[in-house]
Amino acid sequence: MPKSRVGVLISGRGSNMAALLYASRAEDCPYEVVLVAANDPDAPGLALAAAEGVPTFARAHQGLKRAEFDAIIDAELTRAGCDHVALAGYMRLLSPEFVAKWQGRMVNIHPSLLPAHKGLHVHEAVLAAGETVSGCSVHLVTPELDDGPVLGQTRVVVLPGDTPDTLAARILIAEHQLYPRVLAALVQSRTSPDALLARVRQLALALPEAEEKLSHGSLGFFVRGGKFFAYFSYDHHHDGVTGLLVKASGVEEQAQLIENDPGLYYRPAYLGPSGWIGIRLDTGDNDWQHIEDWLTRSWRASAPKRMAMLPF
Ligand code: GRF
């Protein structure tokens with residue numbers, strides 16, 4: 001399985017970038033850092049990344065409109081072949097276009113237990129409020145600042161006598177451990193067969209009277225009293241592919257689909273001649289609505305007539 005390619009955006013010290021980078025050096029880490037980019041050419045983290053042999057890019061944002069600057073960064077991420085972006089102390093608000101482009105594939109780390117204490121001056125606010133526990137959060141980036149779904153958190157105790165600096169320093173230790181772990185889990189959830197099967201199973205079994213059972217070594221989904229409507233195919237006969245097999249209308253449609261999008265569709269062994277179509281799930285960029293639509297369509301084609309007409 002190729003490693004996910006991560007671009008890290010920084011504005012300063014870059015200690016979280018370093019934590020992501022050094023974690024990626026473990027053989028079983030599912031991502032690699034392929035670019036470190038900064039909106040400040042003097043960001044100290046750039047020198048470390050360069051010394052570690054990671055390609056870097058820097059451009060001062062002054063004088064450029066937000067969307068213009070983000071387009072420059074986006075072009076660099078794309079050039080480097082990034083499939084995920086990690087913000088690590090990146091002190092820039094992002095344009096809606098940039099956020100939309102990387103939605104679900106861009107994460108940020110924030111030194112509080114979100115949703116508490118978004119924005120700046122977090123540790124001061126925690127201490128002023130007399131809180132006894134703080135921590136850090138990794139979240140998906142959405143248009144609102146520090147607001148996307150939280151993927152992981154670590155709690156850090158507030159000690160009597162803590163200052164913003166001493167609290168920040170302890171939370172930073174937690175950040176360095178949390179970030180690589182959460183990023184690894186995120187990139188893995190996009191390609192690991194277990195995670196993909198869990199998602200397919202959830203969608204398939206949500207259809208009326210759907211059940212699952214093993215069939216010729218693959219997990220199949222069928223309609224009670226009806227036929228199979230989908231199979232989860234994992235490295236079937238060592239083809240190295242994780243995919244979903246569903247019913248197309250016949251071999252003509254199957255050929256058409258493959259011709260139009262050969263990166264997504266394929267002709268499955270055995271079921272191919274009967275007009276089934278394979279949809280790759282291991283591209284790292286699944287459109288789950290599209291997959292749900294195919295499952296529904298295939299379910300309708302397989303359910304007993306009285307059920308296939310049901311609206312749902
Ligand atoms: C970290 O505390 C991070 O949570 C916040 O900015 C700081 C960046 O530090 N978003 P570094 O540049 O990673 O050392």
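Please go through (1) of a type in the set (A, V, I, L, M); (2) assigned to a loop (DSSP other than H, G, I, E, B); (3) more than 22 Å from residue 182 (Cβ to Cβ) for residue 67 and return the number of the only condition it doesn't satisfy.
Here residue 67 meets the rest and fails (2).
Is there a residue being more than 19 Å from residue 187 (Cβ to Cβ) and surrounded by 13 or more Cβ atoms within 10 Å (Cβ to Cβ) anywhere in region 102-109? Don't jump to the end; show me each part of the working.
At the first step, the residues of region 102-109 found to be more than 19 Å from residue 187 (Cβ to Cβ) are none.
No, there is no match, as no residue in region 102-109 is more than 19 Å from residue 187 (Cβ to Cβ) and surrounded by 13 or more Cβ atoms within 10 Å (Cβ to Cβ).
Which one of the conditions (1) within 16 Å of the ligand (Cβ to nearest atom); (2) open to solvent by less than 20 Å² (accessible area, probe 1.4 Å); (3) touching a strand residue (DSSP E or B) at 6+ places or on another chain (Cβ under 8 Å) does residue 18 fail to meet, given that it meets all the rest?
Result: residue 18 passes all but (3).
Taking the options 70, 74, 83, name whichever one is surrounded by 14 or more Cβ atoms within 10 Å (Cβ to Cβ), more than 11 Å from the ligand (Cβ to nearest atom) and in contact (Cβ under 8 Å) with a residue 60 or more places away in the chain.
Working: 70 fails: in contact (Cβ under 8 Å) with a residue 60 or more places away in the chain; 74 fails: in contact (Cβ under 8 Å) with a residue 60 or more places away in the chain.
Only one candidate qualifies: 83.
Which one is farthest from the ligand (Cβ to nearest atom), of the residues in region 1-15 that are closer than 19 Å to residue 78 by Cβ and open to solvent by 10 Å² or more (accessible area, probe 1.4 Å)? Break it down into steps so the answer makes sense when it comes.
We begin by selecting, within region 1-15, every residue closer than 19 Å to residue 78 by Cβ; these are 2-10.
Now restrict to residues that are open to solvent by 10 Å² or more (accessible area, probe 1.4 Å): 2-5.
Working: 2: 27, 3: 22, 4: 20, 5: 20 Å.
So, considering only residues that are closer than 19 Å to residue 78 by Cβ and open to solvent by 10 Å² or more (accessible area, probe 1.4 Å), the one farthest from the ligand (Cβ to nearest atom) is 2.
Please give the number of the condition residue 205 fails out of (1) modelled with pLDDT of 95 or more; (2) away from the ligand (no atom under 16 Å from the Cβ); (3) surrounded by 14 or more Cβ atoms within 10 Å (Cβ to Cβ); (4) not small (Gly, Ala, Ser).
Among (1) modelled with pLDDT of 95 or more; (2) away from the ligand (no atom under 16 Å from the Cβ); (3) surrounded by 14 or more Cβ atoms within 10 Å (Cβ to Cβ); (4) not small (Gly, Ala, Ser), residue 205 violates only (3).
Would you mention how many residues in region 130-146 are open to solvent by less than 70 Å² (accessible area, probe 1.4 Å) and under 19 Å from the mean Cα position of the chain (by Cα)?
Total meeting the criteria: 7.
With touching a Leu at 6+ places or on another chain (Cβ under 7 Å) and in a loop (DSSP other than H, G, I, E, B) as the only criterion, which of 54, 36 stands out?
Details: 36 fails: in a loop (DSSP other than H, G, I, E, B).
From the options 54, 36, the qualifying one is 54.
Identify all residues within region 100-120 that are of a type in the set (Lys, Arg) and within 15 Å of residue 144 (Cβ to Cβ); write none if there are none.
Looking only at region 100-120, we keep the residues that are of a type in the set (Lys, Arg), and these are 101, 105, 118.
The one that is of a type in the set (Lys, Arg) and within 15 Å of residue 144 (Cβ to Cβ): 118.
Within the set of pairs 6+ apart or on separate chains, which have a first residue in region 99-116 that is under 18 Å from residue 137 (Cβ atoms) and of a type outside the set (Lys, Arg), a second that is open to solvent by 20 Å² or more (accessible area, probe 1.4 Å) and part of a loop (DSSP other than H, G, I, E, B), and C-beta atoms under 7 Å apart?
99/142; 99/143
Filter region 157-185 down to residues that are open to solvent by less than 30 Å² (accessible area, probe 1.4 Å) and free of Cβ contacts under 8 Å to residues at least 40 places away in the same chain, then give me how many there are.
3
Determine if region 263-277 includes at least one residue that is of a type outside the set (Phe, Trp, Tyr), assigned to a strand (DSSP E or B), at pLDDT 95 or above and outside the structural domain of residue 101 (by TED's automatic domain parsing). Before the answer, list the steps.
The first filter runs over region 263-277 and keeps only residues of a type outside the set (Phe, Trp, Tyr), leaving 263-264, 267-269, 271-275, 277.
Filter once more, keeping what is assigned to a strand (DSSP E or B): 277.
Next cut, at pLDDT 95 or above only: 277.
When the remaining residues are screened for being outside the structural domain of residue 101 (by TED's automatic domain parsing), the result is 277.
Yes, region 263-277 contains a residue that is of a type outside the set (Phe, Trp, Tyr), assigned to a strand (DSSP E or B), at pLDDT 95 or above and outside the structural domain of residue 101 (by TED's automatic domain parsing).
Scan 83, 28 and give me the residue that is over 16 Å from the mean Cα position of the chain (by Cα) and among the acidic types (Asp, Glu). Please lay out each step first, then the result.
Details: 83 fails: over 16 Å from the mean Cα position of the chain (by Cα).
Of the residues listed, the single one that is over 16 Å from the mean Cα position of the chain (by Cα) and among the acidic types (Asp, Glu) is 28.
The values are calculated or read from the model by the stated rules, or taken from the named source; none is laboratory data. All values derive from a computational prediction rather than experimental measurement. Positions of Cβ are backbone-derived with ideal geometry, glycine not excepted, and every protein chain shown enters the neighbour counts. Ligands, DNA and RNA are stripped out before the accessible areas are found, and what is left, the full protein with its side chains, is counted by its heavy atoms. Shrake-Rupley method; radii C 1.70, N 1.55, O 1.52, S 1.80 Å.
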